[in-house]
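So the structure is just underneath, and the comments pick up after that.
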Amino acid sequence: MRKKTGALAVVLACSAMLGACGNPLEAVIAKPVFKVGSESCSKDDAKVILMNYQKEYSNLYGIDMWEHDYGQEQSLEDYIKDLTLAQMAQVYTLDIIASEKEVTLSEEEQKKVTEAAKTYLDGLDDAEREYVGVNEKQTEKLFERYLLADKLYESLKTDVNQEVSDDEARVMRVKQIYITDQAKAQSYLTQLQGGTDFETLAQTVNEADAVDITVNRSTFSDEIIQKLFALTDGGITDIIEADNGYYIFYCSSAFDAELTDEHKKDVLEQRMSDAVTDTYADYMSQLSSKENQDVWSEVTVDTSLKLESASFMEVYAQYFETEQQ
């Protein structure tokens with residue numbers, strides 16, 4: 001799955017406790033971490049993804065990062081537990097949608113799922129295997145869930161209109177003066193209207209990081225974009241109040257054809273992402289969902305793990321990443 005990603009919230013509520021520790025049928029009747037519709041996520045499955053995030057963040061910041069106090073209200077452990085829950089809830093929901101839309105795995109894909117599960121489990125050391133607790137069948141199902149979610153994601157994107165107009169993807173080049181003092185902003189505008197060179201003045205007084213910037217429809221608020229897109233080459237705006245200060249813009253190029261063509265890819269990708277998000281949100285509003293916080297609170301990050309084996313998502317990328325590009 002792509003790391004995406006803007007996050008989708010899952011509304012979940014508590015349910016009654018089932019089973020007890022030591023029960024020989026615990027693997028069958030154990031209370032799930034969460035349930036979406038008819039799909040349940042086991043504690044073991046969730047620990048696979050939790051360990052995945054543990055390795056990812058340990059690789060980024062160092063294996064001893066869990067011992068540091070970062071001065072945040074939420075601990076790093078709680079943060080990656082939230083990431084785990086959010087991602088898995090998305091995957092499980094997308095799988096439900098995939099089933100309704102009859103998105104399935106091919107025979108070749110199912111074969112790769114089996115191979116990926118074996119590769120993942122064989123790579124775990126004894127401590128990691130004991131921690132996650134999943135068997136081969138559970139691991140295969142988890143890879144299957146993630147692949148189905150990816151296939152659905154790609155399927156939903158192909159239903160989107162692929163045409164992006166020049167106007168929708170329009171990129172212009174402007175110069176800016178940003179100042180926090182209103183009186184000075186008015187003085188500079190007067191100077192510009194009297195013929196002072198914008199570039200020369202901007203290089204002297206601009207408080208923003210750069211003078212020359214590119215602008216598309218998502219760069220500023222709609223109100224500011226309307227004013228900027230109304231400019232022609234060489235035009236200057238009035239003072240625009242925004243971002244706790246005051247802007248004056250100069251239009252260097254009202255339409256940059258090369259940058260506009262490049263930006264069409266971004267516009268299309270966002271359009272496709274929005275289509276998936278809208279579908280997801282629509283289904284989430286209809287599906288019943290429950291989180292068993294008492295179960296999830298029992299799960300902790302095991303900082304004694306060496307994490308030298310390939311993580312779940314590393315194995316997933318090895319077998320399936322090229323198929324989804």
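What follows draws every value from the coordinates through simple rules; no lab data is involved. On a predicted model such as this, the values are computed, not experimentally measured, just so you know. Methodologically, a virtual Cβ is constructed for each residue, glycine included, from the backbone with ideal geometry; neighbour enumeration extends over all protein chains shown.
Give me the one-decimal Kirkwood hydrodynamic radius in Å for segment 68-226, with the sum taken over alpha-carbon pairs. Value: 22.0 Å, from the Cα pair sum. Using θ = phi - 60° in the Karplus curve 6.51 cos²θ - 1.76 cosθ + 1.60, the 3J(HN,Hα) couplings for segment 106-114 round to 6, 4, 5, 5, 5, 5, 5, 4, 4 Hz; x is entered for Gly and Pro. Charges were assigned to the Cβ only: +1 to each Lys and Arg, -1 to each Asp and Glu. The resulting dipole of the chain about its Cα centre is roughly 500 debye.
The ranking of PHE198, PHE320, PHE249, PHE255 from fewest to most other beta carbons within 10 Å of each one's beta carbon is PHE255, PHE320, PHE198, PHE249.
Our analysis of segment 264-325 gives Rg over Rh at 1.13, with the two radii drawn from alpha carbon positions and Rh computed by the Kirkwood formula. Computed on the chain, the Cα convex hull volume stands at 188 Å³ per residue.
The helix-only estimate of mean residue ellipticity at 222 nm for the chain, built from DSSP H runs of length n ≥ 4 each weighted as -39500 (n - 2.57), is -16500 deg cm²/dmol after division by the residue total.
Note on segment 162-261: Cα-Cα pairs beyond 19 Å make up 39% of the total pair count. Placing +1 on the Cβ of every Lys and Arg and -1 on the Cβ of every Asp and Glu, with no other charges, gives segment 172-254 a dipole of roughly 160 debye about its Cα centre. Build a GNM of the chain with springs between Cα atoms under 10 Å apart, and of LEU76, LEU156, LEU142 the one that fluctuates most is LEU76. Legend: ranking of residues ILE239, ILE248, ILE80 from fewest to most surrounding C-beta atoms inside 10 Å; resulting order ILE239, ILE80, ILE248. Within the listed set ASP266, ASP274, ASP209, the residue fluctuating most in the Gaussian network model of the chain (springs between alpha-carbon atoms under 10 angstrom) is ASP209. Counting other Cβ atoms within 10 Å as a rough exposure proxy, the listed residues GLU168, GLU73 run GLU73, GLU168 from fewest neighbours to most.
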